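No value in this document is a laboratory result; all are computed from the given coordinates. This is a predicted model, so every value here is computed, not measured. Here the Cβ positions follow ideal geometry from the backbone for every residue, glycine too, while neighbour counts run over all protein chains shown.
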Amino acid sequence: MRSAANGERRRQELADFLRTKRASLQPEEVGLPEGGRRRTPGLRREEVALLAGVGATWYTWLEQGRDVRASLDVLEGVSRALRLTPAERAHVILLGRGEQAKPCKAPAEELSPTLRRLVENLGPGPAYLLGRRWDYLAWNKSFERVFSWEPGPEPLSRNHVWLWFMDPARRTLCSGDWASSARLLVAKFRGDSARNIGDPLFEELISALQSSSPEFRKLWKRHEVAGSGDGHKELSHPLVGPLAFDHGVFRHGETGDLRLILYTPSCEHDTRAKLARLLESDDAEDELAATAPALA
């Protein structure tokens, strides 16, 4: 009897919560036409059901506190339709199913063919597009040549933070200021990770870095936070020697999760001429191997 009573209370709490959230939303906030004068404030039940991708009758039963057990997909759809925060979403799932909500997995990042081509054809300096977790989503040939990098089969081989700490080639390339750059990089990454607390992909990356890199683990404990900006970078390329670039970060999209990093060759170290040699053919590395001492 106690279990039945608890179930009844949860259903009533859920019903009250859904009605309150529905009344707080206006049609224009969720991309619906205003539809003229309304007898009651907020969205109609049919509109919430449409946005959630569920039947109007089923949603009405939830608001009436009926003895139905909604699936997780239904409750996730309703949470999206009502623009619930992560805490509110967890509350709805707990009331609707009597269980704790799993962390909300962020949607997969997909680039349009147009955006990918734009990045790939940027030049002559290195350019790359980082996603929410700082994974490489697109890049140009100059980035591959200058940073001596090509994507591997493992997801971590495409992650900027992982490569900075775990790839010996990246460490050698950036040997001039690796330590100071690493500290700044971790501070920037921590700022982004705070907006994605509970995301399994972020948790997986941070856990892997902490277990694999004592340097990352030490910097992560400092709890430093920094924003993105422009700067100057000097590299020690294995084929052509020292290179110098100015670089900047540009946010893309409504959420700002995507960031485009652009490098432009500086006048130092004859960087522009060396970069041209790196890019002049698909066999540039083989050709430059024999002439690297003269160019450096």
- Message: I want the local charge near Val161. Using Cβ-Cβ distances under 14 Å, sum +1 for each Lys or Arg and -1 for each Asp or Glu among the other residues.
- Response: +4
- Task: In whole Å, largest first, what are the principal axis extents of the Cα atoms in the range 72-209?
- Result: 55, 35, 25
- Query: By counting other Cβ atoms within 10 Å of each Cβ, how are Val30, Val74, Val240 ranked from fewest to most?
  - Reply: Val30, Val74, Val240
- Message: Per DSSP helix of 4 or more residues, -39500 (n - 2.57); summed, then divided by the residues of the chain. What does that give at 222 nm, rounded to the nearest 500?
- Response: -14000 deg cm²/dmol
- Could you run the Debye sum over the Cα atoms of the range 2-97, one equal point scatterer each and no solvent, and tell me log10 of I(q)/I(0) at q = 0.12, 0.15, 0.18 Å⁻¹, two decimals? -0.35, -0.54, -0.77
- Query: In cubic angstrom, how much convex hull volume per residue do the alpha carbon atoms of the range 43-143 span?
  - Reply: 129 Å³
- Query: Say a paramagnetic label sat at a point 7 Å from the Cα of Glu109, along Cα to Cβ; which residues of the range 194-235 have their backbone N under 12 Å from it?
  - Reply: 202
- Task: Could you pull out every residue, at least 5 positions away or on a different chain, whose amide H is within less than 5 Å of the one on Leu258? Hs are placed 1.01 Å off N in the peptide plane, and Pro or chain starts have none.
- Result: His252
- P(r) tail for the chain, what percent of Cα pairs lie past 24 Å? 63 percent
- Query: Can you list the aspartates and glutamates whose alpha carbon is less than 20 Å from that of Lys141, not counting same-chain residues fewer than 8 positions off?
  - Reply: Glu120, Glu150, Asp167, Glu234, Asp246, Asp270, Glu280, Asp282, Asp283, Glu285, Asp286, Glu287
- Taking 0.36 nm per residue of separation between Ser24 and Glu204 and subtracting their Cα-Cα distance, the length gained on full extension comes to 61.2 nm
- Highest to lowest packing among 154-161, 130-137, scored as the average C-beta count within 10 Å: 130-137, 154-161
- Query: Once amide H atoms are built 1.01 Å from N in the peptide plane, which residues 5 or more positions from Tyr128, or in another chain, come under 5 Å H to H?
  - Reply: Ile261
